[in-house]
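**Student:** To start, I am sharing the structure in question, which I have written as structure tokens.
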Amino acid sequence: AELHRAVPELRGRFAAGKCFDPEPVLKRAAVTICHGGSGTVYQSLAHGVPVIIVPDNPDHGLIARQVSAAGAGLWVRPEAVRKTDWNEVFAAGLKCAETAAHFRRLLHAHDTRAHWLRWLAAFAKQPA
């Protein structure tokens, strides 16, 4: 509500929520455009959705470079956003769909929850 009041021209152009569930959106998405946060990148690739990243801080830049190097998406330098041909970017992003689907298969085959719980259990057993 605060953003709607501050920038009224955005009304109807975005959705916001405290607990936004990305799954229904990602099931229908052709690409994800984000700033490169690991959560959004992970969720997108876990759904086989290529990622177009416009990083806004150094760690997002590192993620953007890795996603691009892997062929699961690409990145646009923040200073180039206004000069970018977004039709070309979207077309290039769509060409990453096969690699993103490969990441989906890899991520679903790797039980991250079980690994995390094992790590926590091992960590909890260590003496202080």
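**Student:** Among (1) closer than 19 Å to Gly39 by Cβ; (2) out of contact with any Pro (no Cβ under 9 Å at 6 or more places or on another chain); (3) at pLDDT below 95, which single condition is Arg82 missing?
**Tutor:** Going through (1) closer than 19 Å to Gly39 by Cβ; (2) out of contact with any Pro (no Cβ under 9 Å at 6 or more places or on another chain); (3) at pLDDT below 95 one by one, Arg82 breaks only (1).
**Student:** A further question on this structure: Going through region 69-102 one residue at a time, which ones are open to solvent by less than 30 Å² (accessible area, probe 1.4 Å) and touching an Asp or Glu at 6+ places or on another chain (Cβ under 9 Å)?
**Tutor:** Listed by number, the list holds a single entry, Gly71.
**Student:** Does at least one position in region 6-16 carry a residue that is part of a helix (DSSP H, G or I), under 12 Å from the mean Cα position of the chain (by Cα) and of a type in the set (A, V, I, L, M)?
**Tutor:** Within region 6-16, not a single residue is part of a helix (DSSP H, G or I), under 12 Å from the mean Cα position of the chain (by Cα) and of a type in the set (A, V, I, L, M).
**Student:** Sticking with this structure for a sec: Kindly list, by first and then second residue, each pair from a residue in region 12-35 that is more than 23 Å from Leu94 (Cα to Cα) to a residue that is modelled with pLDDT under 95 and open to solvent by 60 Å² or more (accessible area, probe 1.4 Å), limited to pairs with Cβ atoms under 8 Å and residues at least 6 apart or on different chains.
**Tutor:** Pairs found: Ala16/Leu3.
**Student:** Further question on the same structure: Select, from His47, His60, His4, the only residue that is out of contact with any strand residue (DSSP E or B) (no Cβ under 6 Å at 6 or more places or on another chain), under 14 Å from Ala100 (Cβ atoms) and either surrounded by fewer than 15 Cβ atoms within 10 Å (Cβ to Cβ) or modelled with pLDDT of 90 or more (or both).
**Tutor:** Only one candidate passes the filter, namely His47.
**Student:** When region 60-75 is examined, which residues are found to be within 18 Å of Leu106 (Cα to Cα) and not β-branched (Val, Ile, Thr)?
**Tutor:** Residues satisfying the conditions are Gln66, Ser68, Ala69, Ala70, Gly71, Ala72, Gly73.
**Student:** Something else: Would you say Val25 is surrounded by 10 or more Cβ atoms within 10 Å (Cβ to Cβ), in contact with a helix residue (DSSP H, G or I) (Cβ under 9 Å, 6 or more places away or on another chain) and part of a helix (DSSP H, G or I)?
**Tutor:** Details: surrounded by 10 or more Cβ atoms within 10 Å (Cβ to Cβ): yes; in contact with a helix residue (DSSP H, G or I) (Cβ under 9 Å, 6 or more places away or on another chain): no; part of a helix (DSSP H, G or I): yes.
Judged against the criteria, Val25 is not a match.
**Student:** Go through region 57-113 and give me each residue that's acidic (Asp, Glu) and part of a helix (DSSP H, G or I).
**Tutor:** Scanning region 57-113 gives Asp59, Glu79, Glu88, Glu98.
**Student:** Ok, one more. Going by the structure shown, is Val67 of a type in the set (A, V, I, L, M), over 19 Å from His47 (Cα atoms) and in contact (Cβ under 8 Å) with a residue 12 or more places away in the chain?
**Tutor:** Working: of a type in the set (A, V, I, L, M): yes; over 19 Å from His47 (Cα atoms): no; in contact (Cβ under 8 Å) with a residue 12 or more places away in the chain: yes.
No, not satisfied.
The values are calculated or read from the model by the stated rules, or taken from the named source; none is laboratory data. A quick note: this is a predicted structure, and the numbers were derived from the prediction, not measured. Glycine also receives a Cβ, built like all others from the backbone with ideal geometry; neighbour counts cover every protein chain displayed. Calculation scope for accessible area: heavy atoms of the full protein, side chains included, ligands and nucleic acids excluded. Shrake-Rupley method; radii C 1.70, N 1.55, O 1.52, S 1.80 Å.
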